[in-house]
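Asker: One structure follows; several queries about it will come next.
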Amino acid sequence: KVLAGFYNDPEFANVDSSENESILPFKGTILRTKSGKISSPVEEPCVSCTTFNILAPIYKRLDQQNQSVRESDFRAFWLARNERIVDWLLYESSSIICLQEFWVGNEELVHMFEERLSAAGYKTFKLARTNNRGDGLLTAIHQDYFKILNYRELLFNDCGDRVAQLLHVKSVVPFSINQNNCVEQEILIVNTHLLFPHDSSLSIARLHQVYQILLYLETYQQENKLTQMPVILCGDWNGSKRGHVYKFLRSQGFVSSYDIAHECSDSEADADKWISHRNHRGNICGVDFIWLRNPNKSRKPLKISWAEAAFGIIKFQLQKASLAENDAFAFLRADNSVDHITYSAFCDALRQVNLTGLSYGLSFQDTKDLWVQADFDGNGVLDYEEFKRIWNSTWSDHMDEDCSSDDSNEGNEEETVGFTVKNAALFPREVEKGIWPENYSLSDHARLTAVFSPVRLRCPRRSP
């Protein structure tokens, strides 16, 4: 599959062919969990997934002195770059491809991608951002691996005109869950591109985008009476491991495939081990993720996790204003003659820190839901103990346990198939060491590919 002269391009001078060979789909791996309790040997084709923000030509700047000069004005430039992108995608031949900043507004580019991917066996789905922004998403599913059961589009209708794609797929090759039973495993796949955090007040909008995705996933599964299945979230999350979105997804049972493969923790020490983007400000950061949640993963109720994350943003905004715990309580209390926080004072404080009153801020219902979560005893006001419960983030412990680790479920379990992260790699490889190579111009993002192996899991049996 390697094209003639492929590695003679100076852009790829630092790459050897083994980089991609090491992450292509392969068979025959014996897998076990750390406890050895819920897994057994499985020999099946692996599932590979690539996510890549390909930098729409309408955004690619060619002259730093004249920011209005964009690649979209020069057909030879954008066409050559995007043909190289497709070359790489076809070389890797991932089962799932999720692209962001796909230039949906250019028919020639769209046709080139769709024609070449279709010829290679992919079914493609494109989705433009709202309000004619020009770019959007493209998701491609290799039909040798998956059948498409359903496709849905999610429009956030927010200040960033962001969108998401949901695909419900079923494996073409059955996965065996025991000696007598094979299943055509179903998976939910999401591709998205979150709002860029131009300032900290947009944190709540970005969090709300993720909340909408997870709520949509939850509703879709309930309405279609689906059995438990793995969920893969792909995209440019425009936020790092330090951010509220990362912590929110972790609280909902998701793991970062790259971090699992390379044994990176959630700790501050591991926050900058890898990068995947050099943004328009020249900053380098890790923002591209392939998230995995297995059906046996414990997680908090979605609304509780959302409230915790929102309170985390409120705390951040108050600390940004140099308010310590006691000062923050006084600020929220507003009237020094009382020793509690009223709902009206709470709403007024959120307005002052730009979390409400804006088109992308908390809605009236969001604010009401937060208040209900905070007012633990339901007496209509927040006392200092309830405030400390929010401030100290006592709700925010990660839920990393598997359902089957609870012995009380024994005898009321069922077998299902999930995935374990077998490998993950970023290209160009320098970014795995936190270095952005100057000779890389394919995009302002690195390409991330993860390989998953099927694994048997035991989950609590759901009531009919």
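All of the numbers you see were taken from the coordinates with simple rules; none came from a lab. The structure displayed is predicted, hence computed values, not measured ones. Glycine also receives a Cβ, built like all others from the backbone with ideal geometry; neighbour counts cover every protein chain displayed.
Asker: Could you give the C-alpha radius of gyration of the stretch 181-266 expressed as a fraction of 2.2 N^0.38 Å, taking N as the number of residues it contains? Show your work: numbers first, answer last.
Answerer: Values: Rg = 14.6 Å, N = 86, 2.2 N^0.38 = 12.0 Å.
Dividing the Cα radius of gyration by 2.2 N^0.38 Å gives 1.22.
Asker: Determine Rg/Rh for the stretch 307-392; Rg is computed over alpha-carbon atoms and Rh is the Kirkwood hydrodynamic estimate from the same atoms.
Answerer: In the stretch 307-392, Rg relative to Rh is 0.92.
Asker: With an 8 Å cut-off on Cα pairs and a minimum separation of 6 or more residues, tell me the relative contact order of the stretch 307-392 in percent.
Answerer: On the way: 68 pairs, mean separation 30.0, N = 86.
Relative CO of the stretch 307-392 lands at 35 percent.
Asker: As a quick test, which of the pairs Lys303/Lys433; Lys126/Lys273; Lys320/Lys388; Lys315/Lys368; Lys126/Lys297 have an alpha carbon distance above 29 angstrom in this structure? Numbers along the way, then the final one.
Answerer: Values: Lys303/Lys433 37 Å; Lys126/Lys273 33 Å; Lys320/Lys388 18 Å; Lys315/Lys368 17 Å; Lys126/Lys297 31 Å.
The pairs that break the limit, which is 29 Å between Cα atoms, are Lys303/Lys433; Lys126/Lys273; Lys126/Lys297.
Asker: Can you give me the Cα centroid spacing of the stretch 70-91 and the stretch 195-272 in angstrom?
Answerer: Rounded to whole Å, the Cα centres lie 30 Å apart.
Asker: Given Cβ point charges of +1 (Lys, Arg) and -1 (Asp, Glu) and nothing else, what value in debye, to the nearest 20, does the dipole of the stretch 307-392 about its Cα centre take? Please list the in-between numbers first.
Answerer: On the way: 7 positive and 13 negative charges, 72 e Å.
Its charge dipole is roughly 340 debye.
Asker: Can you give the local net charge around Val169? Use residues other than it whose beta-carbon is closer than 9 angstrom to its beta-carbon, Lys and Arg +1, Asp and Glu -1. Walk me through the numbers on the way to the answer.
Answerer: Working: positive: Lys147, Lys170; negative: Glu186.
Its environment carries a net charge of +1.
Asker: Please sort by residue number the trypsin sites (Lys or Arg not before Pro) in the stretch 238-306 whose DSSP state is loop and whose Cβ has at most 15 other Cβ atoms within 10 Å.
Answerer: Details: sites: Lys241, Arg242, Lys247, Arg250, Lys273, Arg278, Arg281, Arg293, Lys297, Arg299, Lys303; in loops: Lys241, Arg242, Lys273, Arg281, Arg299.
In loop regions of the stretch 238-306 (DSSP not H, G, I, E or B), the sparsely surrounded trypsin sites (Lys or Arg not before Pro) are Arg242, Arg281.
Asker: Shape of the stretch 115-162 from its Cα gyration tensor (a ≥ b ≥ c, root eigenvalues): rounded if a/c is under 1.5, otherwise prolate when a/b > b/c, or oblate? Intermediate results must be reported in sequence, preceding the final value.
Answerer: Values: a/c = 4.55, a/b = 2.00, b/c = 2.28.
Judged from the Cα gyration tensor, the stretch 115-162 comes out oblate (a/c at least 1.5, b/c at or above a/b).
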